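For reference, the structure is listed below as structure tokens.
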Amino acid sequence: MNYSFDFASVFRNFGPLWDGLLVTVELTIAANAIGLTLGFGLALLVMSRFAVIRLPVTLFIEFFRCTPAIIQIVWFFYCVPMLFNVFLGSVTMGILALGLNLAAFNAEAYRASIQAVPREQLDAGVALGLNPFQRILYIVLPTAVRNSMPVLLTNGIGIFQQSALVAIVAVQDLMYQGKTLATQTYRPIETFTIVALFYFAVSFPVSQVVGYLERRREALAS
Amino acid sequence: MTFDFAIVLKFQHALLLGLWTTLKLTLICILLGCILGFLVALARTSKNAILRGPSSVYVEFFRGTPVLVQLFWIFFCLPLVLGVELSNMASGVIALTLYMGAISSETFRASLKSVGREQLDACVALGLSPWARTANVVLPQAVLRAAPTLLSNCISLFKESALVSAVGMADLMFVGQNISNNTARPIEVLTAVALIYFVIAFPLTRAVTVIEQRILKRLAV
């Protein structure tokens, strides 16, 4: 291999990469805000007694879980403006697409942990005279969030990685800036390696935290 | 606005060809990725630090970066690094196999851990060679326990395979985007493509649930 590396040409263009990373982080945080809240709502609806509520929500969740994220994003960017005649900024569109995707995955995580809330606790809630809303807020929610925390974090960091997909529809995130830079400088190896390291530097610590939480829970359970 | 879903039928041939590429790519990568994943899982649980170190770095790196970045790296950089031309299919297979290897190795590692320490001691007592121990005692149990998660990994891979469209491989996603751009009918075409993916992935996710319950029952006995 006779290739002379030139990482300096990438570092000279550090500015755009850094801006890209900020957009990526913004997408991730906003999508997680949607995913964590909407996901919980969806999880409650999917366990509803009424099929009229349950079926559409199930369909929504399964559809987002069973199709590639890239087609969801492309679909969102092309079809939503045509169907609903709304034109939002590209970052907002990216946030909505990623947020809905994450909500579907988080709903599954919440559902498993909501089902694990002991029946007696809910009965105790009734006995104490809490109304259904209070029971969800004070009994179900805290336990569900605690139990599903590792999965929620894993999903959250997953969306951080999936957010690279919005580069395909020209949102100027880290991946997009990396692609542009690689073309401009003719230095794909250096650029993509550094972009990969950027992503890795953010997601690795979080996955270590998830691992720690899981080990601690196993230790507490045994 | 009017919909014209008949337009999708006009292009069914191209879409089927794309689907075939997607399926071929997915199946090849599942096969190679599972083998790689099992070997990497063995390496990561070995006592030898020379095996453990690099395999851990490999797994963490591939799990910690977006698949899109991995694909771009392999499409644009690997030919430069190796100094050889790689076909689209070859790069796609390499990228997705490495990804599948990384995620399935974690699955195998968890299932290897669940093989009881006593069984390994029993192997020693029976005088089995390390090879016989791995192939006849560890592997069957690891595969059985890993099966549901492994199957979900396969479904993820099927979905992630749509990313190769971004580097110009003519898979289902790529064909769909092409048709939608040329006919200016994104709603019909992209929805149809999404439905094709859904129709394949959804029954598989149901199957995972069923298999999981069966295996849990079997292991409980």
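Only the coordinates and a few stated rules stand behind these numbers; no lab work does. Small disclaimer: the values here were computed from a predicted structure and weren't measured. FYI the Cβ positions are ideal-geometry reconstructions off the backbone, even for glycines, and counts take in every protein chain you see.
Among the listed pairs B:Lys113/B:Lys217; B:Lys24/B:Lys217; B:Lys24/B:Lys113, those with a Cα-Cα distance over 29 Å are B:Lys24/B:Lys217; B:Lys24/B:Lys113.
Taking a ≥ b ≥ c as the square roots of the eigenvalues of the Cα gyration tensor, an a/c ratio of 1.5 or more together with a/b larger than b/c marks segment A:1-87 as prolate.
Expressed as a whole percent, the proportion of Cα-Cα pairs in segment B:143-221 lying more than 20 Å apart is 46%. Cβ-Cβ distance of A:Ala51 and B:Phe202, R₀ of 25 Å, FRET efficiency by 1/(1 + (r/R0)^6): the value works out to about 0.85. According to the Cα-based calculation, Rg over Rh for segment B:6-220 is 1.06, with Rh computed by the Kirkwood formula. Working from label points 7 Å from Cα in the Cα-to-Cβ sense, the B:Arg214 to B:Leu23 distance is 2.1 nm.
Which value in nm describes the separation of the simple spin-label points at B:Ala125 and A:Val209, placed 7 Å from the Cα toward the beta carbon? Output for this residue pair reads 4.6 nm. Taking the inverse of the mean reciprocal distance over all distinct Cα pairs, the Kirkwood hydrodynamic radius of segment A:13-221 comes to 18.9 Å. Size of segment A:120-213: Rg and Dmax of its alpha carbons, in Å, are 21.4, 70. Phi angles of segment A:8-23 translate, via the Karplus equation with coefficients 6.51, -1.76, 1.60 and θ = phi - 60°, into HN-Hα couplings of 4, 5, 6, 5, 4, 9, 5, x, x, 4, 5, 4, x, 4, 4, 4 Hz per residue; Gly and Pro are given as x. One quarter of the convex hull surface built on the alpha carbon atoms of segment B:16-82 amounts to 5.8 nm², the projected area averaged over directions. Between the helical axis of B:172-183 and the longest alpha-carbon principal axis of chain B there is an angle of about 10 degrees. Look at the stretch B:155-164: the mean tally of other chain Cβ atoms within 10 Å of its residues' Cβ atoms is 3.
A quarter of the convex hull surface defined by the alpha-carbon atoms of segment A:52-123 gives 6.5 nm² as the mean projection. With one equal scatterer per alpha carbon and no solvent term, the Debye-computed log10 I(q)/I(0) for the protein assembly as shown at 0.10 1/Å reads -0.80. Taken about its Cα centre, the protein assembly as shown carries a charge dipole of about 1100 debye when Lys and Arg each add +1 at the Cβ and Asp and Glu each add -1 at the Cβ.
Shielding value for B:71-81 is 4, the average number of Cβ atoms from other chains within 10 Å of each residue's Cβ. Each peptide in B:69-78, A:145-154 receives the mean, over its residues, of other Cβ atoms within 10 Å, and ordering these scores from highest gives B:69-78, A:145-154.
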